[in-house]
Structures are given as structure tokens and as C-alpha cells.
Amino acid sequence: MPEAAREEPPASGASKILKAAAQSIGMFLLIQFAMRQFMGSGQAPKPAATMSGVNAPAAPGSSAAEFQSEGSVYSAIPQSIAPMWPTNSSLDISMYISPSLVMPSLTSMPSEFLVLNEKSFRMGDWSDKREIHTTFPVPREVQNNRTLWAHFYIGQIGSVLDPTAATYDVSRAFHFVRPLTQHLTKKKVAKTRSLLSGKNETEAPDPVPEIKRTTTASYYHPNFTLSLIPDSGVQMYPQ
């Protein structure tokens, strides 16, 4: 018959403690590794660099280039906005009308669509006030209820205003669009009855009312004002 297996001596209390401690440490390290895999390294991200003094107003005549600090980080949504040019800048301002938001080269635009073309407008000079009276042909698309857009081109004196030109400089000129018309529901015309006619004959019954349909039409204001506001300083855009 095979020899009976010999019984091992019972483990001492010290070895039990060491074994339990080793298991606990191993389990702790395993949990920490799993946490890093699913939740990242746990290190707090470094705060993005900001523009120094964004809450302080810029001195009159300062521009964004002078105010921006070194190491600032670009954001698609600006936290603060500042003037592009000094307060005493002289500007060229042009305005075209078009039924389209997308503009071709300005050299291909019909001359009758250029309704404003001012030169050397001095920003910050409160005595420089100009008034323009003009007429323009209404594009057929606008006659068919399309929106009439005003395209404004503003730049420092002598700069290229056409964004499609190869020499266009975004630091010296910019372009923005505003609607000149708005679509409103036509007001209902109330029926009137003359009280002076003195007719006693029976009036014909009103016809059967038709199905009501909402009709919209394009309206525009015959005048508008373009104002340039200098000395605005740095403004907090989200506010």
C-alpha cells in the first residue's frame, strides 16, 4: 500500500499576516490600474493661458493686437473682444445690396448695386456726419419674396476691401452682412360700410368665407443709420 501523505505543519501567525498583506496590496494595485485605464491618469489638466487684464478696460486708441498677451490660447468663441484699430483711424466704407448671402468678386458686381461708397471717414470724429440719398433697382429675386441683404465692407483708408482679392488683408479690412428686409404676415383688411349712402334695400348676403391662408410679404425700411462707436475698450463677449 502507498505510504500515507505526511501532514504539513500548521502555518505560523506571522506568515498568515504577510500573506494577507500581500493579497491586499496586490488587489489595491489592480484596482488602481483599472481606474487609470477607464478614468485617465487622474492628473488635473493645466489651466489654459488667458489674456492678462481682460477685465480691465483698454486705453482709448488701443487695438486688439496691442492688448493680447504672449501665450494666449485661441478660442472659437471669444471671451473678450477689443477694437481692431486705433480710435483715430480713417476708414473707407462701401455697401452693396444683393439677394444672396454669398458675394462674388466686387469687380463683377453691377454698379447700381453699390449704394454707399465713402472714403476717409474718420472714426472718433463726432463732427463727421454724412448723409446719402440714393435709389436702386429692386432685384427680381427680392420682388419674388427673397431677402435683400446689405453687404458692408469696411477697412483702413487705402486698403483692399474685396475679400476675394489676393491682396486682401484681414487685419486691415472686414466684411459683414445684415438684412434690409423682413418677412411679415400681411394685415387683414377690415371691411367697411358707408353710413352716408342711405340705402334701405336689402343687402346681398356675404359670400361663403374661403379657407384662411396666411400670406407673408417682404417689407423694408426706406432709411437706416450706420453708426461707428469708438472708445469701447475691451468688452466681455459672453455678457
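Taken together, the values in this text are just the output of simple stated rules run on the coordinates, not laboratory data. The model shown is predicted, which means the values in this text are computed figures rather than measured ones. Quick reminder, even Gly has a Cβ in these numbers, built from the backbone with ideal geometry, and neighbours come from all protein chains shown.
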Simple spin-label model, 7 Å along Cα-to-Cβ: LYS129 to ASP231 in nm? 1.8
Give me the Å³ per residue figure for the convex hull around the C-alpha atoms of the stretch 90-186. 129
Taking a crude spin-label model, label points 7 Å out from Cα along the C-beta direction, the TYR168 to SER75 distance in nm is 2.8
